[in-house]
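Engineer: One structure, as structure tokens, below. Some questions next.
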Amino acid sequence: MVFSLNRLLQEPAPLAALERQSWHPWLVVGLVSIGAFVGQLDATIVQLALPALGRAFDVSLQQVSWVALSYLLAFASFLPIFGRLCEIHGRKTLYIAGYALFIAASALCALAESFGQLVAFRFLQGMGGALLGANSIAILVQAVPEAARGRALGYFAAAQAVGMSAGPALGGFIVEALGWRWIFGLTVPFGVLAILAGWLALPRGAAGGDKPAFDWGGALLIGPALILVVATLNHVSSWGLASPLTLASLLIAALLLWALRRREARTAAPLIDPRLFTASAFRWGALAVVLGYGLLYGVFFLMSFGLAHGYGESAGAAGLRLALVPVALGLTAPFSHDASRLLGPRRIGPAGMGLVLAGLAILVGSFGLSPYHHVLDTVSFVLIGIGLGLFVAPNSHATLAAAPAGLAGAAGSLLNLMRVLGTSLGVAAGASMLAWRLGVETGSGAGAADMAALAADGSGLLAAVRTSLPLLALMALLAAFAARKAAGGWR
């Protein structure tokens with residue numbers, strides 16, 4: 001018997017006894033918030049495990065970075081694709097399918113016997129995360145009355161912040177106490193419970209309305225273009241900036257992006273609406289989003305090697321210290337609107353990045369050099385987190401406000417994509433910069449240093465991390481400039 005895709009994806013009704021309860025909408029909020037928590041947790045939990053994974057599989061620094069990158073790239077590549085498929089075929093069944101794929105891939109990651117298997121399973125995990133991310137806000141908005149949506153979205157954002165904050169600390173303690181496999185296996189039983197609860201409690205998608213066509217051409221172009229850009233950035237230190245491989249990769253990526261732009265301009269229902277980029281302020285704001293999240297994950301990547309490998313700290317202790325960045329970010333972000341009103345929308349972005357630069361300056365002057373590095377590192381991490389907390393929300397607000405009329409939904413989806421792309425670029429840039437600086441510090445060349453990074457002596461690795469930080473400072477300066485342009489400054 002042949003089933004159509006629509007029949008296969010037919011959404012089950014929620015349990016009537018649950019749907020009648022006054023607290024049912026908040027149960028839905030709780031379920032999608034758990035998905036948001038898990039997605040952010042898994043994006044950050046591997047950071048402190050990267051050195052351990054490099055040793056376990058005997059791979060280079062740039063190779064081990066693909067454990068993080070494969071998840072992030074799959075998430076970024078499939079987020080707009082799944083978002084459109086869910087508009088066409090309904091959200092509940094695909095959301096639950098996302099959970100199922102996520103926990104199945106998590107179990108496979110925990111059982112991986114080779115590095116290639118681990119990277120492939122992480123890619124599958126990122127696809128599951130993209131299915132969750134493409135549906136969560138829409139399901140929440142549908143379930144909660146309009147008067148309570150602000151509070152519901154606040155809970156959702158808090159769950160994301162807690163997941164990002166818990167990732168480094170929890171990952172460090174799990175690696176130290178149980179081994180790296182448990183950072184993947186631990187989510188499986190919770191995911192199974194979430195699938196059962198979601199099947200019984202989540203509402204069906206809204207019925208009626210015209211279903212948009214699916215942009216198959218855009219879907220085939222966006223993934224390879226993003227992957228090629230990030231892969232080139234990740235390996236540029238070992239390939240060489242002017243090598244034929246680097247130049248060829250950049251040329252192919254540029255052609256793919258050009259083809260994607262032409263395709264999206266011609267199709268009636270594009271995955272990425274090109275009309276968004278007609279507004280100069282929106283373009284600058286989107287760039288600031290990429291740079292801000294790239295900076296955050298660049299800090300995660302470099303400091304995970306510096307703390308655990310350079311200083312020789314335990315994974316648990318390093319994770320707790322590194323968690324100061326997202327904790328400070330999460331505590332500051334709710335007050336960023338008030339700070340923006342006090343300083344003005346054109347000054348809040350540069351002010352936030354000014355604090356980030358102060359934190360980076362302390363690290364550049366003390367990391368691996370000062371006997372008081374524990375105190376100075378802590379101050380730096382808090383400053384960086386506060387600065388990003390002041391930067392992220394006002395810049396996102398200014399960027400969404402700059403979107404052309406009628407494209408607020410498309411603008412929000414694109415900003416989600418920019419966030420994930422920024423995290424990918426931050427990890428890739430951090431890996432490539434660290435490999436290059438190791439080559440300079442050890443005198444062995446980037447390629448040889450990359451292979452020996454996980455066995456490098458503490459002083460050499462600390463020096464390489466310290467001299468990689470100016471790249472993050474450059475990203476902070478560019479982010480400040482872009483955010484001010486997005487808010488109407490620098491005219």
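The values are calculated or read from the model by the stated rules, or taken from the named source; none is laboratory data. Just so it is clear, the model here is predicted, and its values are computed rather than measured. Every residue, glycine as well, gets a Cβ built from its backbone with ideal geometry; the counts of neighbours run over all protein chains shown. Please note that ligands, DNA and RNA were not included when accessible areas were found on the heavy atoms of the full protein model with its side chains. Shrake-Rupley method; radii C 1.70, N 1.55, O 1.52, S 1.80 Å.
Engineer: Output the qualifying pairs, or none if there are none: Cβ atoms under 8 angstrom, residues six or more apart or on different chains, first residue in region 179-196 and closer than 28 Å to G54 by Cβ and modelled with pLDDT under 85, second residue open to solvent by less than 70 Å² (accessible area, probe 1.4 Å) and among the aromatic types (F, W, Y).
Structural biologist: T187/F102; G191/Y99; G191/F102
Engineer: I've got another one for you. How many residues are part of a helix (DSSP H, G or I) and open to solvent by 30 Å² or more (accessible area, probe 1.4 Å) if we restrict to region 103-118?
Structural biologist: 7
Engineer: Output the number of residues of region 234-244 satisfying the condition of being at pLDDT below 80 and surrounded by fewer than 17 Cβ atoms within 10 Å (Cβ to Cβ).
Structural biologist: So the count comes out to 4.
Engineer: Within region 363-391, which residues are under 17 Å from L461 (Cβ atoms) and open to solvent by 50 Å² or more (accessible area, probe 1.4 Å)?
Structural biologist: Of everything in region 363-391, those that are under 17 Å from L461 (Cβ atoms) and open to solvent by 50 Å² or more (accessible area, probe 1.4 Å) turn out to be V364, L369.
Engineer: Which residues, counting only those in region 166-191, are of a type in the set (F, W, Y) and open to solvent by 80 Å² or more (accessible area, probe 1.4 Å)?
Structural biologist: F173, W182, F190
Engineer: On to the next question. Among the candidates P274, P270, single out the residue that is over 30 Å from L61 (Cβ atoms) and either in contact with a strand residue (DSSP E or B) (Cβ under 6 Å, 6 or more places away or on another chain) or open to solvent by 30 Å² or more (accessible area, probe 1.4 Å) (or both).
Structural biologist: Testing whether each residue is over 30 Å from L61 (Cβ atoms) and either in contact with a strand residue (DSSP E or B) (Cβ under 6 Å, 6 or more places away or on another chain) or open to solvent by 30 Å² or more (accessible area, probe 1.4 Å) (or both) leaves just P274.
Engineer: Something else: Residue by residue through region 121-159, note down the ones that are open to solvent by 50 Å² or more (accessible area, probe 1.4 Å), under 22 Å from F82 (Cβ atoms) and modelled with pLDDT of 75 or more.
Structural biologist: Those that are open to solvent by 50 Å² or more (accessible area, probe 1.4 Å), under 22 Å from F82 (Cβ atoms) and modelled with pLDDT of 75 or more: F123, L124.
Engineer: For the condition out of contact with any Lys or Arg (no Cβ under 9 Å at 6 or more places or on another chain), open to solvent by 50 Å² or more (accessible area, probe 1.4 Å), assigned to a helix (DSSP H, G or I) and without any contact (Cβ under 8 Å) to a residue 12 or more places away in the chain, what is the one hit in L320, L342?
Structural biologist: Result of the check over L320, L342: L342.
Engineer: Sort through A286, A231 and tell me the only one that's under 30 Å from V325 (Cα atoms) and surrounded by fewer than 22 Cβ atoms within 10 Å (Cβ to Cβ).
Structural biologist: A231
Engineer: Which residues, counting only those in region 269-317, are part of a loop (DSSP other than H, G, I, E, B) and under 30 Å from A410 (Cα atoms)?
Structural biologist: Of everything in region 269-317, those that are part of a loop (DSSP other than H, G, I, E, B) and under 30 Å from A410 (Cα atoms) turn out to be A269, P270, L271, I272, D273, A279.
Engineer: So in region 5-29, with the set limited to residues that are at pLDDT 80 or above and not aromatic (F, W, Y), which one is farthest from the chain's Cα centre (by Cα)?
Structural biologist: Taking the candidates together, the pick is L27.
Engineer: Select from region 246-256 the residues that are surrounded by fewer than 17 Cβ atoms within 10 Å (Cβ to Cβ) and in contact (Cβ under 8 Å) with a residue 12 or more places away in the chain and write down the one among them that is nearest to the chain's Cα centre (by Cα).
Structural biologist: Only one residue fits best here, namely L250.
Engineer: Would you please name the residue that is least open to solvent (accessible area, probe 1.4 Å), looking only at residues in region 438-491 that are modelled with pLDDT of 85 or more and among the charged types (D, E, K, R)?
Structural biologist: Here the residue is R466.
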